[in-house]
Amino acid sequence: MPAICFYFQVHQPFRVKHYRFFDIGNTHEYFNGEGVGNLNNEWVLNKVANKCYIPANKIILALLKKHPDFKVSYSISGVALEQFERFAPNVLKSFQDLVKTGQVELLNETYYHSLAFIFSRDEFERQVKKHQETIERLFNVKPRVFRHTELIYNNDLAEAVEKMGFKGILAEGADHILGWKSPDFLYKPKGSTGMSLLLKNYKLSDDIAFRFSSRDWTEFPLTTPKFGQWISAKNGTSQIINLFMDYETFGEHQWEDTGIFHFLEALPEELLKNSHNYFVTPSEAIERLEPIAEIDAPNFYSWADVERDLSAWLSNPLQHDATKKIYELEHDILATKDEKLIHDWRKLQTSDHFYYMCTKWFQDGDVHKYFNPYETPYDAFINYMNVLNDIKLRVNNHLEEKYTKINSKKVDALL
Amino acid sequence: MKILMFGWEFPPYNSGGLGVACEGLTRALHDEGAIINFVLPKKVSIEANHLTFLFADENIYSEKFTTGLLNAYITEKNYNDALFGLTAEERMRYGSDLFHQVRMYSFNAKKIAKETDFDIIHAHDWLTFGAGINAKKISGKPFVAHIHNTVFDRGGGVGINEGEYAIEKEGLTKADKIIAVSHYTKQKVVKHYGIAPEKIEVIHNGIREEVINIEKLEHDITEFKKHKYKIVSFLGRITLQKGPDYFVRVAKKVIDIYPKKVLFLMAGSGDMERQMIREASYLGLSDKFIFTGFLRGEEQQKIFHLSDLFVMPSVSEPFGIVPLEALLMDTPVLISKQSGVSEVLNHALKVDFWDIDEMANKIISVLENQSLSKHLAENGKKEARFLSWEKAARKCMVLYENLIEHNSFS
């Protein structure tokens, strides 16, 4: 009786516009890139909305209505929600319509889709809370399950998240963590007393997300009966099959002409043909199933690349330098109480900025394997550091103002 | 494999990258088992253990060696200007103009082709294409035209010499196969000479790594280093094609907006040298802009070693070997996108040669962020080391073999 749990990640960063050394001190707008291109956030958002969010949401809504037992879950980053509100209210509305069906669960992450947990626990908690508040405000629901940026996970994270009151957490079903174990069961984090752990079945998930249109793949083309057979074959040996993927799989990573939307449209009906199959959201899975064992993950790992580690964001000295310098500012930035400044600083924490600086792909010679709105990782770094210097300047201006005030107070007192 | 190779210069009698490339390629071809007869236009006192030199003027003129006028980057105008200052006797030895010189070389190539045993003809750049064509006529052996530089690159975007173009086109058309040093050059050959893309193979240049004793690299400029100056350098011929004027302008930009100590260094000589000196002083850069004059070997290494960043702002650079030399000396590089070498370097900063603002932005970023300069230098060096002549030579050998096989069928 395998339960099938879909979780889709929806995320769009605030990409930093082309910002040169000359701009430092002259303009404090970093995210308002203009014109046609990948540094214009509004342009990117509308492009992805038209290719993915709008058509995919339409299909999902129809499926939810047609099959009352169909369930899905989403994690929509705060920065994505913010951009929907600002640039595409119709997209936000379509997600609200999905949630209203009662068959959709929203998960909690950091508002800024950041790596804050690695650098500052306090900042991490603030960003989780901010995301929670945003979801409550926009969807009128309270998330109970946590999923971390890029499914980065370790024991410490699980412990911190459990303390924050979450009932469940998602992670990658990585081979090096599972060993001989199967991802297709409910687990619990090491030492946990009341929280469950859902692990991604990366083989079946990636069959859709990455391999769907790959002609080199021996299973090409992937049809719903074929996929249905693979799921049915799990019957008797698994509790739950977690299909976790980027929502942009539908229409953006796999283009419409690959037939991905037809696949999505036909999949629930195909899976429901086998009466043993049923759909769950993560919360329902946690309520219905008992964890069968503990998972011990002392070191961070993620769902990214073959390595399943943090190297996409934190492997070269540029990435280490940039992350160190952004998090170093925490104390001074928060002390300014300048909301715009704090928000800008946090938007610069989004993991994508560090991903764009990654140079590890150069080693394979396969530079085009990943997406980068900047021409090179070096351009991404240079741009980012210029903005960071402007942020520093703003902080210093605040601090100087404060000292001037203190000094003038002293002078007043003396007089 | 016996190769009859036509070149115009060879180290140490070279004025730039062409000679360096010929040396690197022939050494690697020798290691692949090739036997090379390398033809130079003038008798010079030169020896190498990996090939045999032949001189096109041998038995035609006296053996007193002359190299002054013969460099691979000479244009017809420069040649005539230079010729003007010579004695009548000297002028006799050069021919009345560059084209005459090229014609004589081509003519003498016939005799060489008759007297030499070879399987394939390989000619480097327009100056030797006539020789290649004649050698093919005499021998019926396949002719490979290797293009390191087109008349469009040499002109730096302001007009071309029609005569040079005609010879270039003749050579490219009559060649059985063309080797281009980059995709950038290949595109030019297709676009401007009407050559079918299938006839052109891109073989990127390599780089030879020499062991250098860094401790020996003492220099006057170390004084500036002691005073915490950062050094940004340009090294190349000071001529339109290399974009020296953009380097002067970016120096002005950086010095105007960047408050820390920076020194700009221009190493090389060329027809724009005086103009650049005037320009730099006119812009008020005199105390922060240094001209070193033409440098060789160890002197060049010193410059790289002392530099915090090497800049190649070329307007049009078919390949561009100098950034690789800088990387081997652990110096990060900023190169123009209008270059062949940018195709093979990931770990380099790249700009359009005309985009002074972006160039300044990137220069300052390297000076400001140690993580950036270190990462560029370390990874760029690894990448440069990977660009071996061995790979280039192997590709040449395959290309020769295919041509010879094809030739014997037809």
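Readers should treat all values here as calculations from the given coordinates under stated rules, not as data from a laboratory. Model, not experiment: these values are computed from the prediction. Backbone-built Cβ (ideal geometry, glycine too); neighbour counts: all protein chains shown.
Report the charge-dipole magnitude of the protein assembly as shown in Debye, nearest 20, computed about the Cα centre from +1 at each Lys and Arg Cβ and -1 at each Asp and Glu Cβ.
Around 660 debye, computed over the protein assembly as shown.
Rg/Rh for chain B: what does it come to with C-alpha atoms and Rh from Kirkwood? Could the numbers behind the result be given before it?
Values: Rg = 21.6 Å, Rh = 22.1 Å.
That ratio equals 0.98.
If R₀ is 60 angstrom, what is the calculated FRET efficiency for the pair A:HIS67 and A:GLU34, using the beta carbon separation as r and rounding to 0.05?
0.85
To the nearest 20 debye, what is the magnitude of the charge dipole of chain B about its Cα centre, counting +1 on the Cβ of each Lys and Arg and -1 on the Cβ of each Asp and Glu?
My answer is approximately 360 debye.
For B:357-364, what's the mean count of beta carbons from other chains sitting within 10 Å of each residue's beta carbon?
Working: counts 3, 5, 0, 3, 10, 5, 1, 6.
Per residue, the number of nearby Cβ atoms from other chains is 4 on average.
May I ask for the Rg/Rh ratio of the protein assembly as shown, computed from Cα atoms with Rh as the Kirkwood radius, given to two decimals? It would help to have the intermediate numbers written out before the result.
Values: Rg = 33.0 Å, Rh = 30.9 Å.
Dividing the radius of gyration by the Kirkwood radius yields 1.07.
Explain nothing, just compute: Karplus ³J(HN,Hα) = 6.51 cos²θ - 1.76 cosθ + 1.60, θ = phi - 60°, for every residue of the stretch A:167-181 in order, whole Hz, x for Gly and Pro.
8, x, 9, 9, 8, 6, x, 6, 4, 5, 8, 7, x, 7, 6
Name the residue from B:TYR258, B:THR239, B:ILE335 whose Cα lies farthest towards the positive end of the charge dipole of the stretch B:214-386, charges +1 on Cβ of Lys and Arg and -1 on Cβ of Asp and Glu.
The residue sitting most towards the positive pole is B:TYR258.
For chain A, which semi-axes, largest first and in whole Å, follow from the square roots of 5 times the eigenvalues of its Cα gyration tensor? Mind showing how you got there, number by number?
Working: eigenvalues 303, 114, 88 Å².
In descending order the semi-axes read 39, 24, 21 Å.
If I build a Gaussian network model for chain A, linking alpha-carbon pairs within less than 10 angstrom, which residue out of A:ILE135, A:ILE241, A:ILE118 has the largest mean-square fluctuation?
Per the Cα network of chain A with a 10 Å cutoff, A:ILE118 tops the list.
Which of B:ASN37, B:ASN49, B:ASN14 moves the most in a Gaussian network model of chain B with Cα springs under 10 Å?
B:ASN49
Take A:LEU178 and B:GLU298, extend 7 Å from each Cα along the Cα→Cβ direction, and tell me the distance between the two endpoints in nm.
In this crude spin-label approximation the distance works out to 6.4 nm.
Could you size up the charge dipole of the stretch B:214-386 around its Cα centre, putting +1 on the beta carbon of Lys and Arg and -1 on that of Asp and Glu, and report it in debye to the nearest 20? Intermediate values should be presented prior to the final figure.
Values: 24 positive and 24 negative charges, 58 e Å.
Charge dipole, the stretch B:214-386, about its Cα centre: 280 debye, nearest 20.
Taking H as built 1.01 Å from N, whose amide H comes closer than 5 Å to the amide H of B:ILE120, not counting residues under 5 places away?
It is B:LYS2, B:LEU4, by chain and number.
With springs only between Cα atoms under 10 Å, which of B:GLY268, B:GLY17, B:GLY159 fluctuates most in a Gaussian network model of chain B?
Ranking B:GLY268, B:GLY17, B:GLY159 by mean-square fluctuation puts B:GLY159 first.
When the label point is put 7 Å from the Cα of A:LEU393 along its Cα-to-beta-carbon vector, which residues of the stretch B:340-363 have a backbone N closer than 16 Å?
B:361-362
What nm value, rounded to one decimal, do you get for the distance between B:GLU210 and B:THR52 when each label is placed 7 Å out toward the C-beta?
2.8
Pick out, from A:ASN242, A:GLY33, A:THR110, the residue whose Cα sits farthest towards the positive end of the charge dipole of chain A, with +1 on the Cβ of Lys and Arg and -1 on the Cβ of Asp and Glu.
After comparing all options, I get A:THR110.
Could you work out how far apart the two model spin labels at A:ASN274 and B:GLN187 are, taking each label as a point 7 Å from the Cα in the direction of the beta carbon, and quote it in nm?
Here the modelled spin labels are 5.2 nm apart.
Considering the dipole of the protein assembly as shown built from charges on the beta carbon (Lys and Arg +1, Asp and Glu -1) around the Cα centre, which of B:HIS30, B:THR150, B:LEU4 is farthest to its positive end?
Selected residue: B:THR150.
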